[in-house]
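Accompanying notes for the structure given below.
The values are calculated or read from the model by the stated rules, or taken from the named source; none is laboratory data. Owing to the predicted nature of the structure, the values given are computational and were not obtained by experimental measurement. Every residue, glycine as well, gets a Cβ built from its backbone with ideal geometry; the counts of neighbours run over all protein chains shown.
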Amino acid sequence: MTAPFYVPPEQLMKDRAEYARKGIARGRSIVSVEYADGVLILAENPSGTLQKIGEIYDRIAFAGVGKYNEFEALRVAGIRHADLKGYAYARSDVTAKGLANAYSQTLGHVFTQEVKPYEVEIMIAEVGAEPSGNRIFRVTYDGTLYDEREVAAIGGDDEALLASLGSAYRPEAPLQEALGWAKAAFQSLSDRALAPADWEAAVVDRTLGRRMFRRLSAAELE
């Protein structure tokens, strides 16, 4: 019986990380920006049917970049997790932190134990009763969890987008102003003018009642 080919663990992890990063870099980035009444999430997405931003629970939104079928499976799993917890305990017990921890464990397990890692990076945004209660979490392909403030970005151009947003951001701005910053950040990296049909955007807004997730229309994006 021949012995299996040996690969040092550090080389294996490095190869998996490089593979995942390449897959994520092929997708378009997503940004989130806190504004006066909640959190805005904006993506460059010309597809009208394959959505990268979705609702998880009453006040929690999900966004994913990378391989669509993988982050869509994570979104659906998050909805089931939230529904079960809200039903068994209370709706207020479902939090972005709890979901982000669950996603972190899942992605970390896949990265270390499975043959192929997930080629995804995800973002969880929750709007609080007050601006200080807003939460934005970012989870990378290897399960690393980041707690972000004010602005966040995922995907291949995340650093450039964050630099652009960071220079423009100011607290408690209205939605249209936050939307303008986010669009300008994307436009600074594009060599063509982006039309309203090229965008996908949603908010979790504390003024909307119990279900605080809302998609933005083409007129609002224009």
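Regarding the range 61-74, can at least one residue be identified that is closer than 16 Å to Arg215 by Cα, without any contact (Cβ under 8 Å) to a residue 24 or more places away in the chain and out of contact with any strand residue (DSSP E or B) (no Cβ under 9 Å at 6 or more places or on another chain)? Spell out the reasoning first.
Of all residues in the range 61-74, those closer than 16 Å to Arg215 by Cα come to 61-64.
Checking the rest, the ones that are also without any contact (Cβ under 8 Å) to a residue 24 or more places away in the chain come to none.
No.
Modelled with pLDDT of 90 or more, surrounded by 15 or more Cβ atoms within 10 Å (Cβ to Cβ) and assigned to a loop (DSSP other than H, G, I, E, B), is that true of Ala185? Step through it out loud before you land on a result.
Numbers: modelled with pLDDT of 90 or more: yes; surrounded by 15 or more Cβ atoms within 10 Å (Cβ to Cβ): yes; assigned to a loop (DSSP other than H, G, I, E, B): no.
So Ala185 fails the test.
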Of (1) over 19 Å from Val76 (Cβ atoms); (2) aromatic (Phe, Trp, Tyr); (3) touching a Pro at 6+ places or on another chain (Cβ under 9 Å), Tyr146 fails just (3)
Among the residues that make up the range 191-207, is at least one of them surrounded by fewer than 18 Cβ atoms within 10 Å (Cβ to Cβ), closer than 22 Å to Ala25 by Cα, aliphatic (A, V, I, L, M) and within 19 Å of the chain's Cα centre (by Cα)? no
Condition test on Ile56, is it of a type outside the set (S, T, N, Q) and either free of Cβ contacts under 8 Å to residues at least 24 places away in the same chain or over 29 Å from Ala168 (Cβ atoms) (or both)?
no
